[in-house]
1. Do any helices (runs of 4 or more DSSP H) entirely within the range 45-115 hold 3 or more residues that are of a type in the set (A, V, I, L, M, F, W, C) and either in contact (Cβ under 8 Å) with a residue 24 or more places away in the chain or more than 16 Å from ligand 1 (Cβ to nearest atom) (or both), and if so, which?
2. Identify, from the list GLY58, GLY71, GLY46, the residue that is in the same structural domain as ASN239 (by TED's automatic domain parsing), within 14 Å of ligand 2 (Cβ to nearest atom) and over 21 Å from VAL231 (Cα atoms).
3. Residue by residue through the range 16-41, note down the ones that are closer than 22 Å to MET192 by Cα and within 12 Å of ligand 2 (Cβ to nearest atom).
4. Take the conditions outside the structural domain of THR103 (by TED's automatic domain parsing), more than 16 Å from ligand 1 (Cβ to nearest atom) and modelled with pLDDT of 90 or more and apply them to GLU250. Does it pass?
5. Out of the range 133-144, which residues are modelled with pLDDT of 95 or more and of a type in the set (A, V, I, L, M)?
Amino acid sequence: MTLAKNEKIKVEFKNVAKQFGDRVILKDFSLKVPEGKTVVVLGGSGTGKSVSIKCLLGLLTPDNGDILVDGESVINLKEKQQYKLMEKFGMLFQFGALFDSLTNWQNVAFALLEQGIKPAEAKKTAIEKLALVGLGPHVADLMPAEISGGMKKRVSLARAICTNPEIVLYDEPTTGLDPITADTIDRLIVEMRDKLNITGIAITHDMQSAFKIADYIALLYQGEIIYYDTVENTKTTDNPYIKQFINGEENGPIDFFGK
Ligand SMILES: Nc1ncnc2c1ncn2[C@@H]1O[C@H](COP(=O)(O)OP(=O)(O)O)[C@@H](O)[C@H]1O
Ligand SMILES: [Mg+2]
């Protein structure tokens, strides 16, 4: 697939390789993520989806290849540049639990408070972000233990967007959630993209969720992106790897158990 010419590339992985000891995880990982779009990276468990995100965030250093954000390499940044880069990112992790001992607004505004922003101002911003994810101001002063699981997930999303990130990384955002809550989170992810022009990279093995949130779908297999196309094309593709993944079939070209 070739991306439309007018797509500005926000994040690009170029031939990224990463191994641990002699275990090759990423072999030749290349992916272009257009600005304001959400790319879903599919892949079996243990294929290196989280490793790729950690390389993007500078938590791991690739052995080879490059990763660009806004056209500039983010590999081996100096501390100050790394901080600047991190300001562009928001993150929503599967187990991105809230701090039980902090109120919801303090959870949302955590990064702001860390930056030394005054509590009154941080709280105001937190309440705005809570509103964006459909939670009223009364939620701000409650503790996480006082709200439902679905509301907690919304608070986590509000936290992910609190610093006005340009890029949000979603690592298994709906894994382990009941279908109703998962659907709510999916809808909010789409809404964040449309309202805030957020570039999203989402990792999931939930096809339902992928179809709801993605503009583009990529499949990671044996260290490489072996498929990349629009969500529309993916729904009707003949690609046997994707079909196997969509249908959750054990038998097909993907050897899920061979690793
Ligand atoms: N820091 C690390 N040191 C050694 N092995 C790691 C490290 N991080 C991840 N791995 C291994 O790399 C493989 C891919 O991990 P990961 O990216 O978390 O998979 P997933 O696709 O499920 O997100 C796994 O086998 C994991 O054990
Ligand atoms: Mg993972």
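1. On the way: elements: 49-56, 79-86, 104-108, 110-114.
The qualifying helices (runs of 4 or more DSSP H) are 49-56, 110-114.
2. Working: GLY58 fails: within 14 Å of ligand 2 (Cβ to nearest atom); GLY71 fails: within 14 Å of ligand 2 (Cβ to nearest atom).
Result of the check over GLY58, GLY71, GLY46: GLY46.
3. Residue satisfying the conditions is VAL41 alone.
4. Details: outside the structural domain of THR103 (by TED's automatic domain parsing): yes; more than 16 Å from ligand 1 (Cβ to nearest atom): yes; modelled with pLDDT of 90 or more: no.
No.
5. LEU135, VAL139, ALA140, LEU142, MET143
The values are calculated or read from the model by the stated rules, or taken from the named source; none is laboratory data. This structure is a prediction, so every number in the text was calculated from the model and none was measured. Here Cβ is always computed from backbone atoms with ideal geometry, including for glycine, and neighbour counts include all displayed protein chains.
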